[in-house]
1. Which one is farthest from Tyr90 (Cα to Cα) among residues in the range 18-50 that are in contact (Cβ under 8 Å) with a residue 40 or more places away in the chain and surrounded by 19 or more Cβ atoms within 10 Å (Cβ to Cβ)?
2. Identify the residue in the range 244-288 that is out of contact with any strand residue (DSSP E or B) (no Cβ under 8 Å at 6 or more places or on another chain) and under 19 Å from Cys382 (Cα atoms) and, among all such residues, is modelled with the highest pLDDT.
3. Take the residues of the range 230-241 that are open to solvent by 50 Å² or more (accessible area, probe 1.4 Å) and more than 19 Å from the chain's Cα centre (by Cα): which is nearest to Asp324 (Cα to Cα)?
4. Of all the residues that make up the range 56-87, how many are more than 18 Å from Ala117 (Cα to Cα), open to solvent by 20 Å² or more (accessible area, probe 1.4 Å) and not basic (Lys, Arg)?
5. Being under 17 Å from the mean Cα position of the chain (by Cα) and of a type outside the set (A, V, I, L, M, F, W, C) is the filter here; which residues of the range 150-182 pass it?
6. Return yes or no: is Thr234 closer than 23 Å to Gln290 by Cβ and hydroxyl-bearing (Ser, Thr, Tyr)?
7. Residue check, Leu67 against (1) in contact (Cβ under 8 Å) with a residue 40 or more places away in the chain; (2) assigned to a helix (DSSP H, G or I), all met but one. Which one?
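The values are calculated or read from the model by the stated rules, or taken from the named source; none is laboratory data. All figures in this text were calculated on a predicted structure; none of them were measured in a lab. FYI the Cβ positions are ideal-geometry reconstructions off the backbone, even for glycines, and counts take in every protein chain you see. For accessibility, only protein heavy atoms count, side chains too; no ligands or nucleic acids. Shrake-Rupley method; radii C 1.70, N 1.55, O 1.52, S 1.80 Å.
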Amino acid sequence: MKKRNARELAMDLLVAIEEKQAYSNLLLNTWIDKYKLEQKDAALLTELVYGTIQRKLTLDYYLSHFLEKKKKISNWVIQLLRISLYQMVYLDRIPDRAVLYEAVEIAKKRGHKGIAALVNGVLRNIQRKGLPTIKDIQDPIERTAVKTSAPKWLVERLASQYGFETAENILSSQLLHAKQTARVNKLKTTVPQAIAALEKEGIKAVKGKLVDEAIEAVKGNLANTSLYQKGWFTIQDESSMLVSLALHVKEGEQILDACAAPGGKSTHIAELLNNTGKVVSLDLHEHKIQLIEKQASRLGLLNVNAKVLDSRNASEHFPPNSFDKILVDAPCSGFGVIRKKPEIKYTKTEEDILSLTSVQKKILASVADLVKPGGLLVYSTCTIDKQENEEMIKYFLKEHDDFQLDKTLKDRMPEKVRQYVENGFVQILPQYFNTDGFFIAALRRKVQ
């Protein structure tokens, strides 16, 4: 396949993400493989795609001062201007002259002289006049929306839930680059052994900051190693690793993972079981069940039983009191993982949250009777929205008086996390540890 310029590829990828409403991380990885990009070009492509999406509203605010409002411009030209301005504002290592040259060459190739002149004119005008000041925006909600590149409704919602300062901190922290962390498979190796072996493959890794079995990549991609293929570790955010710790897994237990794909938490539970007992992993789709099975096989796990099943119907397929513990890692708005899926903040709406809370309620109601008396039900989401988190737990406890918050959750959390645990639940905000935002609640079924 003909080699593609990373900037032109970034432009096309951004068009595809917007038009198909695809997840940036999935499409990006597909294109890197498809076009067989060298490491340097793949790194630039990744930077341009993630950075431009993360800063889209900020970039558009800047561009709006240099574009004629009534003039209709093709989407690819807008994307070209965005990635060019992103480089000029946020990437110091790339000279402006190189950015302008590349942009004009792409415009000539893909359009005509008029478009090339437009692109050249806009970028040179910005270079000459400088950027407008965001501080001049009077309305604090609008100013924060532009500054953090978040829709106004999301700024307002988070400000109403957390207060304005915390809301701004949440959204600002999610403009930072996501770090790559992994969970070491203790059935096969140890953290020090994994770090030493990775160094031989040119990967610099260090011990994680929160979880004992976590490592963090400082240089290189953990997924592109032979050790990953051998099942030595699983790519997972440290805040996500906390979920399985909340279950207080003991060898020999029967545990249900009600919303399991792609399998990160199921395999963590299976590892904590030390290949004993059983993890029943449910998902709606056959291809996602295959993902779980593939991960379990790679990791050498024999105690994962993956089934195609809508967890809202779980009570129809399993008898009451079937499981020692149940995990509901519920479908959610995903506002805790904006660093990794930045398009979420533009595509999700308040109506989506309402429909998701309906699904969350149905899943919890379906699995509640499957927990043995004295057993644990752990509810988690990768969002920071209180309606999906604390309010969901309050609703569930009101409807199910045979459950109560398990206040011993604090004892199972790493020391650094304990300060954020309150009455059986914990909300990790992304600025706390530079991780994903995550909510975890532990509920114990009463022994009658």
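1. Ranking the qualifying residues of the range 18-50, first place goes to Ser24.
2. Among residues in the range 244-288 that are out of contact with any strand residue (DSSP E or B) (no Cβ under 8 Å at 6 or more places or on another chain) and under 19 Å from Cys382 (Cα atoms), the one modelled with the highest pLDDT is Leu245.
3. Trp232
4. 4
5. Listed by number, the residues that qualify are Ser172, Ser173, Gln174, His177, Lys179, Gln180, Thr181.
6. Numbers: closer than 23 Å to Gln290 by Cβ: yes; hydroxyl-bearing (Ser, Thr, Tyr): yes.
Yes.
7. So Leu67 meets the others, but not (2).
Let's see how each residue does on (1) open to solvent by 10 Å² or more (accessible area, probe 1.4 Å); (2) assigned to a strand (DSSP E or B); (3) at pLDDT below 95:
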| position | (1), (2), (3) |
| --- | --- |
| Gln290 | yes, no, no |
| Lys294 | yes, no, no |
| Leu301 | yes, no, no |
| Lys307 | yes, yes, no |
| Asn313 | yes, no, no |
| Asp324 | yes, yes, no |
| Gly334 | no, no, no |
| Lys340 | yes, no, yes |
| Gln360 | no, no, no |
